[in-house]
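What follows is a single structure, written as structure tokens, with notes after it.
The values are calculated or read from the model by the stated rules, or taken from the named source; none is laboratory data. Since we're looking at a predicted model, the values are computed, not measured. Every residue, glycine as well, gets a Cβ built from its backbone with ideal geometry; the counts of neighbours run over all protein chains shown.
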Amino acid sequence: MQTNTIIIPCYNEAGRLKPGLMHEFLITQPDVSLVLVNDGSSDSTSVLLHEFQKQHPERIFVVDLASNLGKGNAIRQGILFALDRIQPACIGYMDADFSAPFGEMDKLFQYLSQHSHIGVVFGSRVKRMGSKIERTLVRHYLGRIFATCVSLMLKLPVYDSQCGAKVMKTATANVLFKEAFITNWLFDVELLFRYKIFFGIEKTLREVYEFPLYQWKESKGSKIRLKHVLSIPFNMVKIYLHYSKVLRNGDYCK
């Protein structure tokens with residue numbers, strides 16, 4: 001049984017997949033397995049994933065989805081697969097463009113294993129002295145505006161909910177990914193709502209940790225389009241109303 005498992009959602013990633021990086025990582029990290037989720041791609045992504053799986057058949061698993069479910073629910077399918085088939089101690093996910101390299105994921109897993117009270121570690125793109133965080137100014141400032149809105153809505157001091165690098169304990173993943181997400185691109189916000197509803201605000205403040213990444217590089221070919229950006233206010237309201245109702249009805253509560 002591998003100690004840690006990383007989920008990588010892939011939608012039409014044939015031109016950006018880097019099997020060399022994955023191979024090198026698996027060689028240097030023998031206790032990690034990968035679940036590669038083909039999210040209903042229309043290009044040769046599935047073929048490439050299965051070819052790469054043949055190189056590490058005991059440590060690489062491919063989940064083929066018949067249709068495109070969106071990033072959040074593709075990750076959820078990968079996590080449910082890992083919980084059922086691999087049963088790792090800790091589980092995480094990252095973007096297929098490797099904006100956050102594997103080395104950063106290893107740091108997140110290390111922090112999680114060294115702090116028994118922590119349930120989830122969020123990678124956080126804090127641009128600071130000594131770091132290599134490369135983002136356009138537009139995305140940086142849009143991110144700050146979005147983070148402020150999320151903080152106000154959740155009443156939590158969130159700096160960067162949307163970074164693609166996150167890890168968590170298996171028991172935590174069982175709770176947070178129990179139900180399908182109601183949004184495609186803001187599922188990370190839903191995770192925070194679920195943690196707050198299930199565990200309470202005090203535990204959320206203690207058990208969810210934002211880990212400042214050393215390296216993150218914005219990549220070309222982002223799947224986020226203008227229509228997704230324009231839909232953010234609507235989806236924020238949708239999330240707030242949905243989880244407010246969940247809280248009132250007592251769902252997710254112990």
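Listed by first and then second residue, the pairs with beta-carbon distance under 8 Å, at least 6 apart or on different chains, first residue in region 10-24 and at positive phi and part of a loop (DSSP other than H, G, I, E, B), second of a type in the set (Gly, Ala, Ser) and surrounded by 13 or more Cβ atoms within 10 Å (Cβ to Cβ), are Asn12/Ser41.
Close contacts from region 204-220, counting a first residue that is closer than 20 Å to Ala147 by Cβ and touching a residue at least 60 places away in the same chain (Cβ under 8 Å) and a second that is exposed (fewer than 15 other Cβ atoms within 10 Å of the Cβ) and aromatic (Phe, Trp, Tyr), with Cβ to Cβ under 8 Å and a gap of 6+ residues or different chains, come to Tyr209/Tyr111; Phe211/Tyr111. Counting only residues that are assigned to a loop (DSSP other than H, G, I, E, B), charged (D, E, K, R) and surrounded by 19 or more Cβ atoms within 10 Å (Cβ to Cβ), region 134-169 holds 1 of them. Entry remark, region 32-63: residues being in a strand (DSSP E or B) and farther than 12 Å from Asn12 by Cβ number 10 in total.
Condition check ((1) modelled with pLDDT of 95 or more; (2) surrounded by 21 or more Cβ atoms within 10 Å (Cβ to Cβ); (3) among the β-branched types (Val, Ile, Thr); (4) more than 23 Å from Phe181 (Cβ to Cβ)) across all residues:
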site: Met1; (1), (2), (3), (4): no, no, no, yes
site: Ala14; (1), (2), (3), (4): no, no, no, yes
site: Thr28; (1), (2), (3), (4): no, no, yes, yes
site: Val35; (1), (2), (3), (4): yes, yes, yes, no
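Taking the criterion of being in a helix (DSSP H, G or I) and touching a Leu at 6+ places or on another chain (Cβ under 7 Å), the residues of region 72-109 that qualify are Ala74, Gln77, Phe102, Glu104.
If the condition is being within 15 Å of Lys169 (Cβ to Cβ) and either in contact with a helix residue (DSSP H, G or I) (Cβ under 6 Å, 6 or more places away or on another chain) or part of a loop (DSSP other than H, G, I, E, B) (or both), then region 179-207 contributes Leu191, Arg194, Tyr195, Phe198, Thr204.
Listed conditions (1) surrounded by fewer than 19 Cβ atoms within 10 Å (Cβ to Cβ); (2) at pLDDT 95 or above; (3) in a loop (DSSP other than H, G, I, E, B); (4) not polar (S, T, N, Q) are all met by Leu69, apart from (1). Scanning region 80-93 for residues that are out of contact with any strand residue (DSSP E or B) (no Cβ under 6 Å at 6 or more places or on another chain) and hydrophobic (A, V, I, L, M, F, W, C) yields a total of 3.
When Arg59 is evaluated against the numbered criteria (1) within 23 Å of Val167 (Cα to Cα); (2) crowded, with 20+ Cβ neighbours inside 10 Å, which criterion, by number, is the only one it fails? Unmet for Arg59, out of (1) within 23 Å of Val167 (Cα to Cα); (2) crowded, with 20+ Cβ neighbours inside 10 Å: (2).
All of (1) of a type in the set (Ser, Thr, Tyr); (2) surrounded by fewer than 19 Cβ atoms within 10 Å (Cβ to Cβ); (3) without any contact (Cβ under 8 Å) to a residue 60 or more places away in the chain hold for Ser131 with one exception: (3).
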